[in-house]
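One structure is given below, encoded as structure tokens.
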Amino acid sequence: QVQLVESGGGLVQAGGSLRLSCAVSGSPFSIIRIGWYRQAPGKEREFVADISGATYMRYADSVKGRFTISKDNAKNLVYLQMNSLKPEDTAVYYCHNPGQNSWGQGTQVTVSS
């Protein structure tokens, strides 16, 4: 069973940066797909970015050019570097493995204007 634990959320001003981390255990880390999703108050959970293998990455249009997903195979970590943050990026961010439909507990990101 894949287990996912997010960290790195917080409060930041618009234009600032944050880096989220997702610690992955319970599966061959190097080959599985891991994604980031987010859910703002009153809205549905939405796709942000995902990564599989060594270099295959996808991004939602709303974050392209601002967010970067990466992984550290030695540490079993997936990162989401978020730059040029906007108030509309405020949400709880979740780590997800589609293979087992596993979710982390989420980490809150708040961007003030």
Query - Candidate set: the range 89-103, residues that are surrounded by fewer than 21 Cβ atoms within 10 Å (Cβ to Cβ) and within 20 Å of Ile31 (Cβ to Cβ); chosen: the one modelled with the highest pLDDT - result: Trp103
**Report entry** Complete set of residues in the range 77-88 that are of a type outside the set (Lys, Arg), part of a loop (DSSP other than H, G, I, E, B) and open to solvent by 20 Å² or more (accessible area, probe 1.4 Å)
**Finding:** Asn83, Ser84
**Report entry** Search result, residues across the range 43-64 that are assigned to a loop (DSSP other than H, G, I, E, B) and modelled with pLDDT of 95 or more
**Finding:** Lys43, Glu44, Arg45, Ala60, Asp61, Ser62, Val63, Lys64
Query - Filter result for Val5 (open to solvent by less than 20 Å² (accessible area, probe 1.4 Å), assigned to a strand (DSSP E or B) and either touching a residue at least 24 places away in the same chain (Cβ under 8 Å) or under 23 Å from Ser102 (Cβ atoms) (or both)) - result: no
Query raised in the report: How many of the residues making up the range 8-42 are open to solvent by less than 80 Å² (accessible area, probe 1.4 Å) and assigned to a strand (DSSP E or B)?
Result: 15
Query raised in the report: So, of the residues in the range 10-33 that are among the aliphatic types (A, V, I, L, M) and modelled with pLDDT of 95 or more, which turns out to be nearest to the chain's Cα centre (by Cα)?
Result: Leu20
Query raised in the report: Between a first residue in the range 47-76 that is surrounded by 11 or more Cβ atoms within 10 Å (Cβ to Cβ) and a second residue that is assigned to a loop (DSSP other than H, G, I, E, B) and among the small types (Gly, Ala, Ser), which pairs have beta carbons less than 7 Å apart while being 6 or more apart in sequence or on different chains?
Result: Phe47/Ala60; Val48/Ala60; Ala49/Ala60; Arg66/Ser84
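The values are calculated or read from the model by the stated rules, or taken from the named source; none is laboratory data. Nothing here was measured: the structure is a model prediction, and the numbers come from that model. Reconstructed Cβ throughout: ideal geometry from the backbone, glycine too, with neighbour counts over all protein chains shown. These accessible areas exclude ligands, DNA and RNA; they are computed on the full protein's heavy atoms, side chains included. Shrake-Rupley method; radii C 1.70, N 1.55, O 1.52, S 1.80 Å.
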